[in-house]
1. When you scan the range 41-85, how many residues do you find that are buried (at least 18 other Cβ atoms within 10 Å of the Cβ), in contact with a Phe, Trp or Tyr (Cβ under 9 Å, 6 or more places away or on another chain) and free of Cβ contacts under 8 Å to residues at least 60 places away in the same chain?
2. In the range 129-156, which residues are surrounded by fewer than 13 Cβ atoms within 10 Å (Cβ to Cβ), in contact (Cβ under 8 Å) with a residue 60 or more places away in the chain and aliphatic (A, V, I, L, M)?
3. Among the residues of the range 27-43, which ones are of a type in the set (A, V, I, L, M) and in contact with a Ser or Thr (Cβ under 6 Å, 6 or more places away or on another chain)?
4. For the range 94-128, give me the residue count where each residue is basic (Lys, Arg) and either modelled with pLDDT of 95 or more or surrounded by 17 or more Cβ atoms within 10 Å (Cβ to Cβ) (or both).
5. Just the residues that are of a type in the set (Asp, Glu) and either more than 16 Å from the chain's Cα centre (by Cα) or under 27 Å from PHE51 (Cα atoms) (or both), please, taken from the range 104-161.
6. Hey, VAL13 hits all of (1) over 27 Å from THR148 (Cβ atoms); (2) surrounded by 19 or more Cβ atoms within 10 Å (Cβ to Cβ); (3) of a type outside the set (Lys, Arg); (4) in contact (Cβ under 8 Å) with a residue 60 or more places away in the chain but one; which does it fall short on?
7. Would you mind stating whether VAL13 is out of contact with any helix residue (DSSP H, G or I) (no Cβ under 9 Å at 6 or more places or on another chain), aliphatic (A, V, I, L, M) and part of a helix (DSSP H, G or I)?
8. In this structure, does LEU23 turn out to be assigned to a helix (DSSP H, G or I), among the aliphatic types (A, V, I, L, M) and closer than 22 Å to GLY84 by Cα?
Amino acid sequence: MSGIDLILLNLAVMAATILVLWLVSLRLNDVSFVDAFWPVGFGVVAWTTWFALSPDHPRALLLLALTSLWSIRLGTYLFARWLGEPHEDKRYQTMRRNRPLFRWQSLYVVFGLQGALIVVVGVPVIFGMSNAAAPLGVLDAIGVMLFTAGFLFESIADTQLA
């Protein structure tokens, strides 16, 4: 499967996912939970690419594992924070007040834009998995160390923020 095919596949999966999330937001009359989907979306991109390629290279597995770990940690944190909020986020309340058709516009203004950005920002994961045949090396080790440092800093910052 070519890189363009993988991007198109991820766009289709993301569009379907975003549509379902938007329908849930209509039912809840709250779009705030979409913030918790941001990191989860990268997990969706990683797993969609993994299943499309069925790679047997260690780098592809490493990318899948690290993306999934970050996605689950931050997504869980943001979802729990959303559950603790009694009302829709103020940013979205303002949008809702200023846009009479926000209920419908949120499909592309909030959900669609976020879904498209997730795929665009996820392109390095897509191409990293599709071109992962070379053996793991020093750059991979440096990447894991940078990931670990960033993961720890983000986790500590979220704990302090809470």
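The values are calculated or read from the model by the stated rules, or taken from the named source; none is laboratory data. None of the values given here were measured: they were computed from a predicted structure. Using ideal geometry, Cβ is built from the backbone for each residue, glycine included, and neighbour counts are taken over all protein chains shown.
1. 5
2. Of the range 129-156, the ones surrounded by fewer than 13 Cβ atoms within 10 Å (Cβ to Cβ) are 133-135, 137-139, 141-142, 145-146, 148-150, 152-153, 156.
Adding the requirement that they be in contact (Cβ under 8 Å) with a residue 60 or more places away in the chain leaves 133-135.
Passing the criteria: ALA133, ALA134.
3. Of the range 27-43, the ones of a type in the set (A, V, I, L, M) are 28, 31, 34, 36, 40.
Hits for the range 27-43 are VAL31, VAL40.
4. We begin by selecting, within the range 94-128, every residue basic (Lys, Arg); these are 96-97, 99, 103.
From the residues that got through so far, the ones that are either modelled with pLDDT of 95 or more or surrounded by 17 or more Cβ atoms within 10 Å (Cβ to Cβ) (or both) too are 96.
The total comes to 1.
5. So the first thing to find is which residues in the range 104-161 are of a type in the set (Asp, Glu), and the list is 140, 154, 158.
Matches in the range 104-161: ASP140, ASP158.
6. With (1) over 27 Å from THR148 (Cβ atoms); (2) surrounded by 19 or more Cβ atoms within 10 Å (Cβ to Cβ); (3) of a type outside the set (Lys, Arg); (4) in contact (Cβ under 8 Å) with a residue 60 or more places away in the chain applied to VAL13, the lone miss is (4).
7. Details: out of contact with any helix residue (DSSP H, G or I) (no Cβ under 9 Å at 6 or more places or on another chain): no; aliphatic (A, V, I, L, M): yes; part of a helix (DSSP H, G or I): yes.
No, not satisfied.
8. Working: assigned to a helix (DSSP H, G or I): yes; among the aliphatic types (A, V, I, L, M): yes; closer than 22 Å to GLY84 by Cα: yes.
Yes; evaluated as a whole, the condition is true for this residue.
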